[in-house]
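Below is one structure, written out as structure tokens, with a few remarks after it.
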Amino acid sequence: MKKALLILTIAAMSAPTLHAQDDEGVRLGIKASPNLSWLKSDTKGIESDGSKIGFTFGLVTEFPIGAEGKYRFATGLFLNYAGGKYKQAFTYTDANNAVLTKDLQSDLKLQYIELPLTMKLMTNEIGYMRYFGQLGFGTAFNLSAKSNFETATVDQNGVIGGFSSFEDEDVKDNIQPFRASLIVGAGMEYNFSGSTTVQVGVNYNNGFTNLLKKTEIDGKRVKLLQNYLELNLALFF
């Protein structure tokens, strides 16, 4: 968390310098967006178990392409809190030799530094409003990963003795350090005065890199993807 805030602080201190060089319509702003994230499994025996509410905030920057500014390269530096829930089917034999199955649940709480690389296509101004579509890629680097999860207790003879629950366990070693995604979005902007503009939109962030690093089921590596839907709120100065 301290490293993430340091990076955002350095970027914020650089903002006045960038704004002073804004001769071609470069825009700087602040983004604060709630999100709803969930997990998608491509592996038999493990499946999504619900969604989580998260939050993204940071600095957003747009660079115009062409004289009219209708096309923009949109990027930024964000601190993203997201996660997801999943469950793994665990089959075991109890003391009476009965074969049972229990869902072992996991609740992931993840923190990333994000750097999106997108193109933003804007309409002409209609009154004080402009509408836009957005498409591109997301790159994110994991800062922390904690989990509430259940696991089977196995004795030295390999017998299942019961199940244990853990809370806020550090699982960063089992999370991929890099996440790549596809970003698709749309929204509108309202210009108050001069360069002061409010942006409201919706982004869909579809992850396509495996979230987990070491988890296996029956000798096969688990593939778990993270997606989220974001209410895109930003203020440009």
List the number of the failed condition for residue 88; all other conditions in (1) surrounded by fewer than 19 Cβ atoms within 10 Å (Cβ to Cβ); (2) under 22 Å from residue 173 (Cβ atoms); (3) among the polar types (S, T, N, Q) hold. (1)
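Tell me, which residue of the stretch 175-196 that is surrounded by 14 or more Cβ atoms within 10 Å (Cβ to Cβ) and out of contact with any Phe, Trp or Tyr (no Cβ under 8 Å at 6 or more places or on another chain) is nearest to residue 75 (Cα to Cα)?
Checking each candidate, the answer is 176.
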Are any residues in the stretch 164-216 within 19 Å of residue 55 (Cα to Cα), polar (S, T, N, Q) and touching an Asp or Glu at 6+ places or on another chain (Cβ under 8 Å), and if so, which ones? 199, 203, 205
Subset of the stretch 213-233 that is in contact (Cβ under 8 Å) with a residue 24 or more places away in the chain and among the acidic types (Asp, Glu) - its residue that is nearest to residue 109 (Cα to Cα): 230
Given the conditions (1) under 26 Å from residue 33 (Cα atoms); (2) out of contact with any Pro (no Cβ under 8 Å at 6 or more places or on another chain); (3) of a type outside the set (Val, Ile, Thr); (4) in contact (Cβ under 8 Å) with a residue 40 or more places away in the chain, every one holds for residue 149 apart from (1)
Could you please give the count of residues in the stretch 172-215 that are farther than 16 Å from residue 40 by Cα and either of a type outside the set (Lys, Arg) or out of contact with any strand residue (DSSP E or B) (no Cβ under 7 Å at 6 or more places or on another chain) (or both)? 26
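Coordinate-derived values only; no laboratory data. No experiment lies behind these values; they were computed from the predicted model shown. Methodologically, a virtual Cβ is constructed for each residue, glycine included, from the backbone with ideal geometry; neighbour enumeration extends over all protein chains shown.
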